[in-house]
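Taking it in order: structure first as structure tokens, then the write-up.
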Amino acid sequence: MIRAHVLCCGGTGCTSSGSPKIQSAFQAEIEKNGLADEIKVVQTGCFGLCALGPVVIVYPDGTFYSNVTVDDVAEIVSEHLLKGRVVERLVYNETNDDHAAEHASLNDTTFYKSQMRVALRNCGVINPESIEEYIAMDGYAALGKVLTEMTPDEVIQTILDSGLRGRGGAGFPTGMKWKFASGNRGNVQKYVCCNADEGDLGAFMDRSVLEGDPHALIEAMAIAGYAIGADQGYVYVRAEYPIAVQRLQIAIDQAREYGLLGKDIFGTGFNFDLDIRLGAGAFVCGEETALMTSIEGKRGEPRPRPPFPAVKGLFGKPTVLNNVETYANIPRIILLGADWFKSIGTEKSKGTKVFALGGKIRNTGLVEVPMGTTLRHIIEEIGGGIPNGKKFKAAQTGGPSGGCIPAHLIDTPIDYDNLLEIGSMMGSGGLIVMDEDNCMVDIARFFLDFTVDESCGKCTPCRVGTKRLLEILDKIISGNGEMEDLDRLEELSNYIKSASLCGLGQTAPNPVLSTLRYFREEYIAHIVDKKCPAGVCKKLVQFTIDAEKCIGCGMCAKNCPASAIVRTDYVAPGHKLASFKIDSSKCVKCGACLPTCKFKAISKG
Amino acid sequence: MKSLAELAAIREKMKDKVVLREGTTNTRIVVGMATCGIAAGARPVLNAFVEGVDKEGLNDSVTVTQTGCIGICQYEPVVEIFQPGKEKVTYVKMTVEKAEKVLKEHIKGGKVVEEYTIASAKKA
């Protein structure tokens with residue numbers, strides 16, 4: 001009889017920090033202690049606190065251990081599992097006080113309590129490689145319900161009523177997409193596709209669903225198939241997600257074995273099957289028409305819309321294409337009803353949204369909150385704030401297509417429309433936090449560098465335009481900018497936005513435009529003062545040694561990798577040794593000298 | 001899968017195996033499992049509770065868990081029952097037989113087995 005479960009995270013984050021070894025160590029240690037009949041070790045998907053991985057959760061108490069190593073396993077088994085004493089030093093302690101054991105249970109932490117997990121409901125809870133555990137969590141009940149109790153039109157109406165909008169970026173109403181593709185059921189070949197080509201920098205919620213709850217996607221795609229009258233689905237997932245691909249394949253095989261994919265599902269005569277198509281990781285293949293072109297076996301390039309995929313999609317047939325997170329919401333909406341879903345969120349953005357927290361934030365990882373939650377709540381409460389006492393400067397949402405939210409807008413309730421209004425976009429939910437050490441011109445350059453690389457080259461505004469934008473930014477950060485460059489940036493950005501063929505080009509200038517909007521003074525500092533206020537842009541940073549403060553110890557010179565620091569002849573009054581100076585022609589601006597000087601004689605500016 | 005009944009059967013079969021992770025139960029049975037408790041025989045008592053709860057089909061509402069030393073080693077094995085809105089009940093010098101009785105009368109029947117509580121042990 002099993003009395004406790006040890007859940008080991010098997011998401012990509014924890015796997016790369018060694019969770020498979022920890023899992024097998026638990027198995028071995030539990031057997032050694034003769035507890036194999038009482039305690040079960042389960043591999044789960046991502047729980048979201050990736051910064052603290054590898055994580056282990058012990059149920060029924062819900063004790064949350066973070067940063068576990070193989071060496072800790074024996075102690076957890078003998079202390080916690082055998083004797084019932086929580087190993088306090090490993091318990092996740094968000095307040096850093098001395099009462100870790102008092103809030104040892106995961107359910108009591110702010111990180112968990114402030115969330116509402118709909119799309120991620122099973123991630124970190126069930127074993128993703130067990131279809132039976134998914135079924136135990138009401139899995140496939142929604143599919144059963146639509147096939148036996150609802151007409152396809154009723155399914156579409158429910159999704160329409162729920163107000164669900166696409167979670168991949170643009171926020172198009174999912175029900176509308178389905179409705180557009182629903183005509184002429186039974187007479188035309190149709191397809192259901194899933195966009196799992198997650199490409200936004202820093203976003204990994206789709207991977208997490210595939211790794212942690214792959215059956216939710218299968219069930220939702222089958223529901224979509226029933227709604228529009230399709231019998232074949234494709235999941236387009238990038239080959240860079242090996243664990244996700246492997247678990248999804250296992251899940252598809254299991255679903256086939258249980259008759260939840262294939263012919264005559266639930267004896268209703270409905271047929272649906274699913275296949276995986278691997279992408280090679282091109283960002284443009286996240287654009288729907290390019291994605292379908294790639295599934296067709298051609299080079300992944302977008303094509304003009306209209307015709308929209310609902311009319312002429314994959315192989316020229318009507319196709320519904322949704323994002324992984326969008327699909328993950330579907331079974332819940334079917335089971336709990338459109339009204340339930342509608343009750344969460346804001347007026348025009350219903351339900352929850354998963355955000356991938358990254359950058360300068362304590363709890364990097366995945367969180368799911370109701371739409372309309374403020375940025376402040378996500379960053380300060382759930383994300384644990386900004387480390388090292390630094391000040392919040394901006395948050396970047398929507399990846400290379402999005403923009404920055406400056407500090408004075410931190411109380412904006414986050415939903416699709418508010419984000420567009422302030423010049424950013426939801427995107428897939430990547431949320432990169434920046435502090436005072438980040439240079440906004442450099443950030444804009446970083447994202448643009450990415451889009452220049454990823455532009456497929458089919459249309460000129462995107463291929464050439466983004467390259468020219470990047471050149472102007474390079475000019476500014478190297479100290480050669482002119483004020484007219486700001487007008488050029490804006491003008492060119494607007495051309496690229498209005499003339500590009502697909503979403504990649506249409507949104508590529510957003511990081512430039514939004515940083516210009518909110519951080520224009522930083523651009524001006526680069527251009528007029530030839531200074532980078534955050535001290536990031538190397539060409540604008542100078543390291544200098546104050547000869548009066550320098551005691552001539554030579555620590556900086558010893559640590560300089562470029563041998564750019566040399567002794568002078570000058571001995572400052574009161575000092576015994578001659579001071580040092582930095583040869584700016586040799587200096588690589590690495591900053592290695594700064595921490596070596598105990599006398600604060602070196603300054604950066 | 002040919003029918004909804006088949007799906008429901010799997011769900012029922014598996015439900016007990018994952019309910020442990022939901023953390024939504026009302027009653028908590030906590031067994032003291034420090035060295036003193038284990039030496040005094042807490043292990044079979046814990047197992048008796050785990051098996052009994054399952055046998056009675058109480059997995060949805062009752063969690064059996066363990067804790068360290070409560071500090072009353074002479075009374076081990078100690079078992080505490082926590083229920084919302086009720087005062088904690090501490091049973092002492094537990095055995096498998098006593099566990100079965102507590103499960104039947106207290107957990108299922110709602111009546112505290114006074115004779116096993118620490119209050120009556122102190123009186124004796």
Only one of A:390, A:353, A:312 is over 30 Å from residue A:460 (Cβ atoms), surrounded by fewer than 24 Cβ atoms within 10 Å (Cβ to Cβ) and of a type in the set (Lys, Arg). Can you tell me which?
A:390
Within segment A:57-85, the residues that are closer than 23 Å to residue B:46 by Cα and in a strand (DSSP E or B) are A:57, A:58, A:59, A:63, A:64
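So which residues in segment A:241-256 are touching a residue at least 24 places away in the same chain (Cβ under 8 Å) and within 14 Å of chain B (Cβ to nearest Cβ)?
Applying the first criterion (touching a residue at least 24 places away in the same chain (Cβ under 8 Å)) to segment A:241-256 yields A:241, A:243-245, A:247-252, A:254-255.
Correct list: A:254, A:255.
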Failed criterion for residue B:21 (all others in (1) out of contact with any Pro (no Cβ under 6 Å at 6 or more places or on another chain); (2) at negative phi; (3) more than 10 Å from chain A (Cβ to nearest Cβ) hold):
(3)
Is it fair to say residue A:296 is surrounded by fewer than 23 Cβ atoms within 10 Å (Cβ to Cβ), more than 14 Å from every other protein chain (Cβ to nearest Cβ), without any contact (Cβ under 8 Å) to a residue 60 or more places away in the chain and of a type outside the set (Lys, Arg)?
yes
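Any residue at all in segment B:97-119 that's touching a residue at least 60 places away in the same chain (Cβ under 8 Å) and part of a helix (DSSP H, G or I)?
Initially, segment B:97-119 is screened for residues touching a residue at least 60 places away in the same chain (Cβ under 8 Å), giving B:107.
From the residues that got through so far, the ones that are part of a helix (DSSP H, G or I) too are B:107.
The answer is yes; a qualifying residue exists.
Return yes when residue A:249 is assigned by TED's automatic domain parsing to the domain that holds residue A:198 and surrounded by fewer than 16 Cβ atoms within 10 Å (Cβ to Cβ) and no when it is not. Lay out the reasoning, then the answer.
Numbers: assigned by TED's automatic domain parsing to the domain that holds residue A:198: yes; surrounded by fewer than 16 Cβ atoms within 10 Å (Cβ to Cβ): yes.
So residue A:249 fits the description; yes.
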Test each condition in (1) touching a residue at least 40 places away in the same chain (Cβ under 8 Å); (2) under 24 Å from residue A:505 (Cα atoms); (3) in contact with a Leu (Cβ under 7 Å, 6 or more places away or on another chain) for residue A:414 and report the one that comes out false.
(2)
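Can you give me the ranges of the strands (runs of 3 or more DSSP E) entirely in segment A:490-589 with at least 2 residues that are among the small types (Gly, Ala, Ser)?
Working: elements: A:543-545, A:565-567, A:580-582.
Of the strands (runs of 3 or more DSSP E) lying wholly inside segment A:490-589, none has at least 2 residues that are among the small types (Gly, Ala, Ser).
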Return the pair list, or none, for Cβ contacts closer than 7 Å from residues in segment A:1-26 that are free of Cβ contacts under 8 Å to residues at least 24 places away in the same chain to residues that are of a type outside the set (Asp, Glu), at least 6 apart or on different chains.
A:23/A:8; A:23/A:41; A:23/A:43
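What tally of residues in segment B:85-96 results from selecting those that are in a loop (DSSP other than H, G, I, E, B) and in contact with a Pro (Cβ under 6 Å, 6 or more places away or on another chain)? Explain how you work it out, then say what you get.
Within segment B:85-96, the subset in a loop (DSSP other than H, G, I, E, B) is B:85-88, B:92-95.
Remaining after also requiring in contact with a Pro (Cβ under 6 Å, 6 or more places away or on another chain): B:94.
Qualifying residue count for the region: 1.
Check A:488, A:520 and return the single one that is closer than 24 Å to residue A:431 by Cα and not assigned by TED's automatic domain parsing to the domain that holds residue A:304. Can you show your working first?
On the way: A:488 fails: closer than 24 Å to residue A:431 by Cα.
From the options A:488, A:520, the qualifying one is A:520.
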Would you tally the residues in segment A:431-474 being closer than 21 Å to residue A:527 by Cβ, acidic (Asp, Glu) and modelled with pLDDT of 95 or more?
4
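Do we find that residue A:470 is touching a Phe, Trp or Tyr at 6+ places or on another chain (Cβ under 9 Å), surrounded by 15 or more Cβ atoms within 10 Å (Cβ to Cβ) and not assigned by TED's automatic domain parsing to the domain that holds residue A:383 in this structure? Walk me through how you get there before you give the answer.
On the way: touching a Phe, Trp or Tyr at 6+ places or on another chain (Cβ under 9 Å): no; surrounded by 15 or more Cβ atoms within 10 Å (Cβ to Cβ): yes; not assigned by TED's automatic domain parsing to the domain that holds residue A:383: yes.
Considered against the rule, which asks whether it is touching a Phe, Trp or Tyr at 6+ places or on another chain (Cβ under 9 Å), surrounded by 15 or more Cβ atoms within 10 Å (Cβ to Cβ) and not assigned by TED's automatic domain parsing to the domain that holds residue A:383, residue A:470 comes out as no.
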If a residue must be within 11 Å of chain A (Cβ to nearest Cβ) and not hydrophobic (A, V, I, L, M, F, W, C), how many such residues does segment B:38-65 contain?
9
Restricting to segment A:1-34, count the residues that are surrounded by 18 or more Cβ atoms within 10 Å (Cβ to Cβ), within 14 Å of chain B (Cβ to nearest Cβ) and within 20 Å of residue B:64 (Cβ to Cβ).
5
Unique match (being of a type outside the set (Lys, Arg) and touching a Pro at 6+ places or on another chain (Cβ under 8 Å)) among A:578, A:564, A:592, A:572
A:592
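Only residues that are assigned to a loop (DSSP other than H, G, I, E, B) and at negative phi: list them for segment A:384-393, please.
We begin by selecting, within segment A:384-393, every residue assigned to a loop (DSSP other than H, G, I, E, B); these are A:384-386, A:390-391.
Within segment A:384-393, A:386, A:390, A:391 qualify.
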So how many residues does segment A:333-383 have that are part of a loop (DSSP other than H, G, I, E, B) and touching a Leu at 6+ places or on another chain (Cβ under 9 Å)?
5
Scanning segment A:47-71 residue by residue, those at pLDDT below 90, crowded, with 21+ Cβ neighbours inside 10 Å and not aromatic (Phe, Trp, Tyr) turn out to be A:48, A:49, A:50, A:52, A:53, A:60, A:61, A:62, A:63
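Among B:93, B:86, which is free of Cβ contacts under 8 Å to residues at least 12 places away in the same chain, more than 18 Å from residue B:17 (Cα to Cα) and more than 12 Å from chain A (Cβ to nearest Cβ)? Steps first, please.
Working: B:93 fails: free of Cβ contacts under 8 Å to residues at least 12 places away in the same chain.
Just a single option satisfies the conditions, and that option is B:86.
The values are calculated or read from the model by the stated rules, or taken from the named source; none is laboratory data. Please read these numbers as outputs of a predicted model, since none were measured by experiment. Counting neighbours? That spans all protein chains shown, and the Cβs are built from the backbone with ideal geometry, glycine included.
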